[in-house]
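Engineer: Below is the structure I would like to discuss, written out as structure tokens.
The values are calculated or read from the model by the stated rules, or taken from the named source; none is laboratory data. All figures in this text were calculated on a predicted structure; none of them were measured in a lab. Quick reminder, even Gly has a Cβ in these numbers, built from the backbone with ideal geometry, and neighbours come from all protein chains shown.
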Amino acid sequence: MTTNPTVQAAADAALWLAVHLGWHVLPLNPGTKHPLPGCRDCRADIRDHDAADCPCLARADGALCHGVWAATTDPDVIGRWARRWRTSVWAVHLGASGLLAVDLDAHGGTPPAQPLNGLPWPLGDPPPVDGIDTYATLAGLSGGAVDTTTFATDTPSGGLHLVYAAEPGRWKSSRGYVRDGDDTVRTGLGWQIDIKAHGGYVVLPGSTSTTGTYRRASTTVTPTPLRAWLADALVRTGHDRTATPAPSATAPPPVVVVDGHGPARYAASALRSACAELAAMAPDTGRNRKLFRSTSRLAGMVAAGWIDRPSVETALAQAAQHAGLPAREIRYALASGFARPRPAPDIRSAA
Ligand SMILES: [Zn+2]
Ligand SMILES: [Zn+2]
């Protein structure tokens, strides 16, 4: 038992989630918000085994070895940790709990020219001010929304965690940031958007760190299943650990280079001629229809694995912009085209 109400509230919240929702929870260092240290033999720099083969974790008696992999649903262990560590910050290991969190930051700073990984930022839209803004635009482009009906937590720094039920082990964690000297996000989903899943954790509501208290932002405590549009965006940006091979997580080149062989060459060639035709079109000559039909045709080749979706979306959007089509119409035509892919042609005889 502890007499510190902040510490008690955090431990109570973690215990409740572990018992009622089956979440794997663990105590964190309240200053660093990192997992507490395990035994010397299991430290990352000297250990000779993984968490799956760890003798300490196999005892299931509350060893804190291997960071998030020590997380548990066992109320006895949670009680022991609460008495031993008296910390006011607890977390959930998302991957082990069958969860995925979209962690939207509000770090401030200057947004890059292209805040979304692999999708052009809508022409005429103001740049995002934080991760919530970036995510709202991604959701809008993808036919989704920033969810108000799943488990959500407000962070002390103005960020937001959205927690979804997701296939355990399927999704990779990522960080969306800009590398030095670049002005385009080429990792994760977008600027100041972190994905936390396999091996990832988020601080639980009820916790108080040195920056303040994490509070539940949703009326519900039940995570909804991962939205289809979000799952699609995660697959497109290389977060699917079961994909073989992982799709490229880097932005495609702006110019469509036709190389490779067979279907890949055919698809690149089809994309290049579609872009050339579209870019040359004048107003009131069916640009919108042309964009939709080209997208639909290329979407079939994406589905067949001949070409990657970011390349198709970026190149067609740029060509349509060149032709003067409004950003909103471009977004709509691309989304409609990908929603209705035409089967890829049979090119065996032509290859
Ligand atoms: Zn150990
Ligand atoms: Zn170990």
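Engineer: For residue 41, work out the one condition from (1) touching a strand residue (DSSP E or B) at 6+ places or on another chain (Cβ under 8 Å); (2) within 11 Å of ligand 1 (Cβ to nearest atom); (3) among the acidic types (Asp, Glu) it doesn't fulfil.
Structural biologist: It is condition (1) that residue 41 fails.
Engineer: List every residue pair whose Cβ atoms lie under 8 Å apart, where the two residues are 6 or more positions apart in sequence or sit on different chains, the first residue falls within region 43-61 and is of a type in the set (A, V, I, L, M), and the second residue, located anywhere, is more than 10 Å from ligand 1 (Cβ to nearest atom).
Structural biologist: So the pair list comes out as 51/69; 57/69; 60/72; 60/74; 60/77.
Engineer: Run residue 145 past the list (1) among the hydrophobic types (A, V, I, L, M, F, W, C); (2) at pLDDT below 95; (3) crowded, with 19+ Cβ neighbours inside 10 Å and report the number of the one that doesn't hold.
Structural biologist: Result: residue 145 passes all but (3).
Engineer: Looking at residue 147 and the list (1) touching a residue at least 40 places away in the same chain (Cβ under 8 Å); (2) over 25 Å from residue 17 (Cα atoms); (3) part of a loop (DSSP other than H, G, I, E, B), which single condition is not satisfied?
Structural biologist: (2)
Quick grid of which residues meet (1) outside the structural domain of residue 100 (by TED's automatic domain parsing); (2) touching a strand residue (DSSP E or B) at 6+ places or on another chain (Cβ under 8 Å); (3) surrounded by 23 or more Cβ atoms within 10 Å (Cβ to Cβ); (4) more than 19 Å from residue 138 (Cβ to Cβ):
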| site | (1), (2), (3), (4) |
| --- | --- |
| 164 | no, yes, no, no |
| 168 | no, no, no, yes |
| 181 | no, no, no, yes |
| 186 | no, no, no, no |
| 192 | no, yes, yes, no |
| 214 | no, yes, yes, yes |
| 219 | no, no, no, yes |
| 228 | no, no, no, no |
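Engineer: Another question, if that's okay. Tell me, which helices (runs of 4 or more DSSP H) wholly within region 1-94 include 3 or more residues that are away from ligand 2 (no atom under 13 Å from the Cβ) and either assigned by TED's automatic domain parsing to the domain that holds residue 156 or loosely packed, with under 14 Cβ neighbours inside 10 Å (or both)?
Structural biologist: On the way: elements: 5-21, 55-58, 75-85.
Filter on region 1-94 gives 5-21, 75-85.
Engineer: Right, another one. In region 6-13, is there at least one residue being away from ligand 1 (no atom under 16 Å from the Cβ) and under 30 Å from residue 190 (Cβ atoms)?
Structural biologist: First, the residues of region 6-13 that are away from ligand 1 (no atom under 16 Å from the Cβ): 6-13.
Cutting the leftovers down to under 30 Å from residue 190 (Cβ atoms) gives us 13.
Yes; the residues of region 6-13 include at least one that is away from ligand 1 (no atom under 16 Å from the Cβ) and under 30 Å from residue 190 (Cβ atoms).
Engineer: Still on this structure, please answer the following. Mind checking which residues of region 20-34 are touching a residue at least 40 places away in the same chain (Cβ under 8 Å) and either acidic (Asp, Glu) or touching a strand residue (DSSP E or B) at 6+ places or on another chain (Cβ under 9 Å) (or both)?
Structural biologist: The answer is 21, 23, 24, 25, 26, 27, 28, 29, 30, 31, 33.
Engineer: Also: How many of the residues making up region 292-323 are without any contact (Cβ under 8 Å) to a residue 60 or more places away in the chain and assigned to a helix (DSSP H, G or I)?
Structural biologist: Step one: of region 292-323, the residues without any contact (Cβ under 8 Å) to a residue 60 or more places away in the chain are 292-307, 311-312, 316, 319-320, 322-323.
Remaining after also requiring assigned to a helix (DSSP H, G or I): 292-303, 311-312, 316, 319-320, 322.
Qualifying residue count, region 292-323: 18.
Engineer: For region 329-351, what are the residues that are farther than 22 Å from residue 228 by Cβ, surrounded by fewer than 21 Cβ atoms within 10 Å (Cβ to Cβ) and not β-branched (Val, Ile, Thr)?
Structural biologist: 329, 345, 346, 348, 349, 350, 351, listed by residue number.
Engineer: Do the conditions hold for residue 113, that is, is it more than 30 Å from residue 141 (Cβ to Cβ), of a type outside the set (Val, Ile, Thr), in contact (Cβ under 8 Å) with a residue 40 or more places away in the chain and away from ligand 1 (no atom under 16 Å from the Cβ)? Reasoning before the result, please.
Structural biologist: Numbers: more than 30 Å from residue 141 (Cβ to Cβ): no; of a type outside the set (Val, Ile, Thr): yes; in contact (Cβ under 8 Å) with a residue 40 or more places away in the chain: yes; away from ligand 1 (no atom under 16 Å from the Cβ): yes.
When the stated conditions are applied, residue 113 does not pass them.
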